1. At residue 160 and residue 82, where each label point lies 7 Å from the Cα along Cα→Cβ, what is the point-to-point distance in nanometres?
2. Please list, in order along segment 274-290, the HN-Hα scalar couplings obtained from phi with the Karplus expression 6.51 cos²θ - 1.76 cosθ + 1.60 (θ = phi - 60°), rounded to whole Hz, x for Gly and Pro.
3. With the dipole of the chain worked out from charges on the C-beta (+1 for Lys and Arg, -1 for Asp and Glu) around the Cα centre, which of 349, 312, 169 lies farthest toward the positive end?
4. For segment 310-440, with only Lys/Arg (+1) and Asp/Glu (-1) charged at the beta-carbon, what is the dipole magnitude about the Cα centre, in debye rounded to 20?
5. Average projected area of the Cα convex hull of segment 9-100, in nm²?
6. Which residue, 159, 107, 202, has the largest displacement toward the positive end of the dipole of the chain when charges sit on each Cβ (Lys, Arg +1; Asp, Glu -1)?
7. What is the distance in Å between the Cα centroid of segment 194-231 and that of segment 279-355?
8. About the Cα centre of segment 185-263, how large is the charge dipole given +1 on each Lys and Arg Cβ and -1 on each Asp and Glu Cβ? Please answer in debye to the nearest 20.
Amino acid sequence: MNARTDLDLSHLWMPFTANKQFKAQPRMLTAAKGMYYTSGDGRQVMDGTAGLWCVNAGHGRPEIAEAIAAQAQSLDYAPGFQLAHPGAFEAATAVAAFMPEGLDRIFFTNSGSESVDTALKIALAYHRARGDGQRTRLIGRERGYHGVGFGGISVGGIVANRKTFSGALLPAVDHLPHTHNLEQNAFSRGQPAWGEHLADELERLVTLHDASTIAAVIVEPMAGSTGVLIPPKGYLQRLREITAKHGILLIFDEVITAFGRLGRNTASEYFGVTPDLITMAKGISNAAVPAGAVAVKREVHDAIVNGVAGGIEFFHGYTYSAHPLATAAIVATLNIYQRDQVFANADALAKTFEDAAHALKDAPHVADIRNLGLVAGIELRSREGAIGARAAEVFQKCFDHGLMVRYTGDTIAVSPPLIINAEEIGELFARIRKVLTSVA
Ligand code: PLP
């Protein structure tokens, strides 16, 4: 997998990776164009996951590379505290145009994790600015993934990401139950019919803690990282009703879903549910430069910014908030999305994608198939006493057979660049079927 023998692999501590295993058998990527990566041993590997759900417009877009290069030569960096550069405003205006109406105040970050922690802090600052400073409790959901900051892992619901740090998690946090239920919903196409009532658990938490102590609820409208969990019909609408009733802010973590994954600008638009804040990253810059943002409802922004007479209104920000290279990449990326109607392609192919995914129902080991937009989760039956082992083998074999997929537990996830065509969708699932047939 690694044609270069001159590399010392010992110094790099790799994130979310089995380091020892990887270094014994590295999987290198050396180039990328369109739908394909080039592997270290020179093979073409179809990108079944848009990198990490982020290269929505496909790899190697020259317009983005040129915009970044031109920016690096004209203004490489400008501080964002008390100073600014025009690209920051241009990018904020461009991002706001992709957001649901009213969520048009944009705070820039560099990643999904930073966007989540920023959104949680905005929620606390909002209530405090309105004289409601006792609203400090944050509510997440089991099996939620909100990045790796202390805020994100506190509201997140992934045991492995939390247990090592359990003594240092945020104190006032509670969790809704997750919505995954194979007995009720296995092989649902799109949104499952069962599970809207799970949103009513929020009423139980409100009764337990009292609404006057709760600042915000944060959920992924479609949970990606924990194995593609599609919200039941009516569930998000119900969450919106309950949060609005009790003055609790609703945050949608759209780090994966914003910018076309479901064939719309946002999942909020797709589901017809408008939260108070949207976190985003990944597709915002087509992943060409690290970038993220939080879109904030005008009232929320105004309460904080108009809440003080003068001076800094919100003590938060990053050295690289609205970094010039990031804002150049964002503007170029959003131009491509618009000009090439990239999300319309995703929407037009969603049914083909759904049919191809569900055609795997009779393939070996398949326990469930879930899908929405250009996302599919294929849950495999676990091996006795070895959760995740079968999916890990499928992942490796897919890579060996020229296809990049992801896996969480025993769920294989696919989320290709939104430029995929019908033939490539067929090829993608055919390769998965072949591999499923070859593993024990
Ligand atoms: N939130 C969600 C929903 C995500 O899927 C991710 C990453 O996959 C994150 C937050 C964290 O993003 P990052 O890895 O850019 O910090």
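Read-outs: derived from the displayed coordinates by stated rules, not from any lab. For clarity, every value in this text was computed on a predicted model and none was experimentally measured. Quick reminder, even Gly has a Cβ in these numbers, built from the backbone with ideal geometry, and neighbours come from all protein chains shown.
1. 4.5 nm
2. Each residue of segment 274-290 in turn: 9, x, 8, 9, 10, 9, 8, 6, 6, x, 4, 10, 6, 6, 6, 9, x Hz.
3. 169
4. 240 debye
5. Result: 9.6 nm².
6. 159
7. Rounded to whole Å, the Cα centres lie 24 Å apart.
8. The calculated dipole for segment 185-263 is roughly 260 debye.
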